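Encoded as structure tokens, the structure appears first; notes follow it.
The values are calculated or read from the model by the stated rules, or taken from the named source; none is laboratory data. Being a predicted model, the structure only gives us computed values, none of them experimental. Virtual Cβ from ideal backbone geometry, glycine too; neighbours counted across all protein chains shown.
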Amino acid sequence: MTDLDRKKIFIDFWNVVINAQKQTKNLNISIKWDDLVRFVLYEGDLYKSRSQQPTLAGCFVFGSFSKSNARQLEFVNQTLDRYGAYPGLFFDFKERVGKETSNKCDNCGNSVQRSSESGVDVLLCVEMIKHAYMREHEYLAIVSSDRDFIPLLQFLKDQGQRVLHVATDEPHRDMRANSWKQFSLRHSFIDLCRLEHDRRMVLVCPQSREKVEILTRILDQDNLLYDVIDISNKDDISDKDLEFLLRNQRISFSKRGENNGNKYHFTSHAKTIYDFRKLVADGSAIGSFPFIINNGTREINYEMNKGWVLGENSNTNFWTKQLNVVR
């Protein structure tokens, strides 16, 4: 492997996470960091026509955590447990420290303390400059939409470095002006995120009532926790979360009366989620329901022409046995 095959990626952890979470309203999601690294590696390849595949020389992820924030600490630990051993992926988390501000408490008059990122941005800058001087790479990539990194990009450009800027939100003109190449993750987060939920999600529509009863009977007898979500009912799930689920799980639909096996994305049926819900409610748009999501992935669903279809991570023996019992 030559230096021209080496790519180094530097990621602003919370900038990525916060912008990714804007994709949903009430659903909890996390980043599939291995998929994100591969996406940046291949999407950012400057020479896609060549036969040589881009090679990761290291992906460095910088973030922080607060010990007093149990939910945040759990989220960080979950990320480390799931991706900490991924080859070439290095996480560096610093504890946030209390910092006094000029703000005063209305009740006691004392200074209000706020947590500080503890120099995480500075650490990312230092590491990126250090690797730039090593010159063991084709280009460096920074994944963040934080405009505080513009001076860093200007410096690296002046040093003759090729820097790929991967925006996590709307691409910024000044960041693009100081980058060799720029693209955004904004429209790709749906594929780069996974659902985080403790209970199974059973997606249903009005036409799947009989099949839903079969599934809930199985889930109830085994004391498995679940939530039933009617996708035609806005009270069950918001428009924003429904669109995320349909795209994230790649749920397709067919038109009532068609027997040719054609499948369509939900946007093929209607211009808005509101219009789409009406088509589902009256049976004009027929999907693979009921549809169970477990641990962020499809566990089982029902298709008109195939019957019950199991996901790749499903417990095949369990579902085959249970479905045979209730038939």
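Points worth noting:
- Selection from the stretch 214-258 of residues that are over 20 Å from G311 (Cα atoms) and exposed (fewer than 13 other Cβ atoms within 10 Å of the Cβ): D220, Q221, N223, D235, R256, G257, E258
- For the stretch 118-228, the strands (runs of 3 or more DSSP E) that sit wholly inside it and include 1 or more residues that are over 19 Å from the mean Cα position of the chain (by Cα) are 139-143, 163-167, 181-184, 200-204.
- Residue within the stretch 271-278 that is in contact with a strand residue (DSSP E or B) (Cβ under 6 Å, 6 or more places away or on another chain), buried (at least 19 other Cβ atoms within 10 Å of the Cβ) and more than 30 Å from R82 (Cβ to Cβ) present: no
- Residue in the stretch 201-214 that is among the basic types (K, R), under 30 Å from K263 (Cα atoms), touching a residue at least 24 places away in the same chain (Cβ under 8 Å) and touching a helix residue (DSSP H, G or I) at 6+ places or on another chain (Cβ under 8 Å) present: no
- Segments classed as strands (runs of 3 or more DSSP E), wholly inside the stretch 272-327, with at least 3 members that are charged (D, E, K, R): 297-303
- Some residue of the stretch 57-67 being without any contact (Cβ under 8 Å) to a residue 12 or more places away in the chain and basic (K, R): no
- The stretch 229-258, subset in a helix (DSSP H, G or I) and among the basic types (K, R), residue farthest from the chain's Cα centre (by Cα): K240
- Verdict on S288 being of a type in the set (S, T, Y) and out of contact with any Asp or Glu (no Cβ under 9 Å at 6 or more places or on another chain): no
- Breaking point among (1) out of contact with any Gly (no Cβ under 6 Å at 6 or more places or on another chain); (2) surrounded by 16 or more Cβ atoms within 10 Å (Cβ to Cβ), for E312: (2)
- Here H187, H265 are screened, and the one residue that is under 30 Å from I150 (Cα atoms) and surrounded by fewer than 15 Cβ atoms within 10 Å (Cβ to Cβ) is H187.
- Qualifying residue in the stretch 147-162 (condition: surrounded by 17 or more Cβ atoms within 10 Å (Cβ to Cβ) and either among the acidic types (D, E) or under 29 Å from N248 (Cα atoms) (or both)): no
Residues are listed down the side, and each one gets a yes or a no for (1) at negative phi; (2) modelled with pLDDT under 95; (3) not in a loop (DSSP other than H, G, I, E, B):
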residue	(1), (2), (3)
F39	yes, yes, yes
K48	yes, yes, no
S51	yes, yes, no
L56	yes, yes, yes
K67	yes, yes, no
D81	yes, no, yes
A85	yes, yes, no
F91	yes, no, yes
E100	yes, yes, yes
